[in-house]
Amino acid sequence: MKNVLVILAHPNFAESRGNQALVEAIQMLPSVKIHNLYERYANWQIDVQVEQELLRHHNLIVFQYPLQWYSVPPLLKKWIDDILTYGFAFGKDGTALQGKELMPVVTTGGTSNMYVAGGAVNFTISEFLRPIQQTASYCGMSYKTPFVVHGLFPKVLEVPGTITDKQLLEESKRYQHVLQEYIAS
């Protein structure tokens, strides 16, 4: 059985409709550890040894986060900078992550039709995720197909295309299924 480490990086998880639903769907799965960076490191003092040890013991690393300014939230960026170091994740003797897999799980406020070439944000979601894909490659990891949930505007904004509760439940079940299949493979 394979182990999954979900690096959850949501600066305001308590207010997150989408990421909360996704976490609820997977939190009881065997072999899945949810590691909430903003809860664990509220002071932003990341324990490098602990984090690197977590990575060593998991097959699939999931970066779960809301897309913010077309990138990862700031604490996840700091985590990447602090943890994925020379001699651990890359470079001479930096083989700790080779053969592992990395999968982004991303939520967006915008609808899927905004994330197309020439759309409202000009680029596809795959283009925004290129730095994560290259990080995986540089560390000798396989990059898994991203899991993306679009349309998570706050309900109070009443924006056309906002995902319904029923659709969000379906997406959460799909996420659960993806991880269950991975664990069983």
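Just a yes or no: is a residue in segment 17-30 more than 22 Å from residue 101 (Cβ to Cβ), without any contact (Cβ under 8 Å) to a residue 24 or more places away in the chain and of a type in the set (Lys, Arg)?
no
Among the residues of segment 36-56, which ones are loosely packed, with under 13 Cβ neighbours inside 10 Å and in contact with a strand residue (DSSP E or B) (Cβ under 9 Å, 6 or more places away or on another chain)?
39
Looking at 143, 138, which one is surrounded by 16 or more Cβ atoms within 10 Å (Cβ to Cβ), modelled with pLDDT of 95 or more and not aliphatic (A, V, I, L, M)?
Result of the check over 143, 138: 143.
Is segment 74-87 home to any residue that is surrounded by fewer than 17 Cβ atoms within 10 Å (Cβ to Cβ), among the β-branched types (Val, Ile, Thr), over 16 Å from the mean Cα position of the chain (by Cα) and not in a loop (DSSP other than H, G, I, E, B)?
Scanning segment 74-87, I find no residue that is surrounded by fewer than 17 Cβ atoms within 10 Å (Cβ to Cβ), among the β-branched types (Val, Ile, Thr), over 16 Å from the mean Cα position of the chain (by Cα) and not in a loop (DSSP other than H, G, I, E, B), so the answer is no.
If residue 19 meets every condition in (1) open to solvent by less than 10 Å² (accessible area, probe 1.4 Å); (2) touching a Ser or Thr at 6+ places or on another chain (Cβ under 7 Å); (3) more than 26 Å from residue 163 (Cα to Cα) apart from one, which number is that one?
Among (1) open to solvent by less than 10 Å² (accessible area, probe 1.4 Å); (2) touching a Ser or Thr at 6+ places or on another chain (Cβ under 7 Å); (3) more than 26 Å from residue 163 (Cα to Cα), residue 19 violates only (3).
Can you tell me how many residues within segment 57-73 are open to solvent by less than 10 Å² (accessible area, probe 1.4 Å) and assigned to a loop (DSSP other than H, G, I, E, B)?
Count: 1.
Using the structure shown, decide if residue 94 is without any contact (Cβ under 8 Å) to a residue 60 or more places away in the chain, in a loop (DSSP other than H, G, I, E, B), among the small types (Gly, Ala, Ser) and within 20 Å of residue 145 (Cβ to Cβ).
The answer is no for residue 94.
What number of residues in segment 104-127 are open to solvent by 30 Å² or more (accessible area, probe 1.4 Å), in a helix (DSSP H, G or I) and among the hydrophobic types (A, V, I, L, M, F, W, C)?
Number of matching residues: 1.
Read through the list (1) part of a loop (DSSP other than H, G, I, E, B); (2) modelled with pLDDT under 90; (3) surrounded by fewer than 16 Cβ atoms within 10 Å (Cβ to Cβ), then give the number of the only condition that residue 156 fails.
So the condition that residue 156 fails would be (1).
Could you please let me know if residue 9 is of a type in the set (Gly, Ala, Ser) and farther than 25 Å from residue 177 by Cα?
In short, no.
Answer yes or no: is there a residue in segment 160-178 that is of a type in the set (Ser, Thr, Tyr), modelled with pLDDT of 95 or more, part of a helix (DSSP H, G or I) and open to solvent by less than 70 Å² (accessible area, probe 1.4 Å).
yes
Determine whether residue 30 is over 15 Å from residue 7 (Cα atoms) and open to solvent by 30 Å² or more (accessible area, probe 1.4 Å).
It is true that residue 30 is over 15 Å from residue 7 (Cα atoms) and open to solvent by 30 Å² or more (accessible area, probe 1.4 Å).
So which pairs qualify, if the first residue must be in segment 155-179 and within 30 Å of residue 61 (Cβ to Cβ), the second must be modelled with pLDDT of 95 or more and open to solvent by 100 Å² or more (accessible area, probe 1.4 Å), the Cβ gap must be under 8 Å, and the two must be at least 6 apart or on different chains?
172/24
The values are calculated or read from the model by the stated rules, or taken from the named source; none is laboratory data. On a predicted model such as this, the values are computed, not experimentally measured, just so you know. Glycine also receives a Cβ, built like all others from the backbone with ideal geometry; neighbour counts cover every protein chain displayed. Side chains are part of the model used for accessible areas, which takes the heavy atoms of the whole protein and leaves out ligands, DNA and RNA. Shrake-Rupley method; radii C 1.70, N 1.55, O 1.52, S 1.80 Å.
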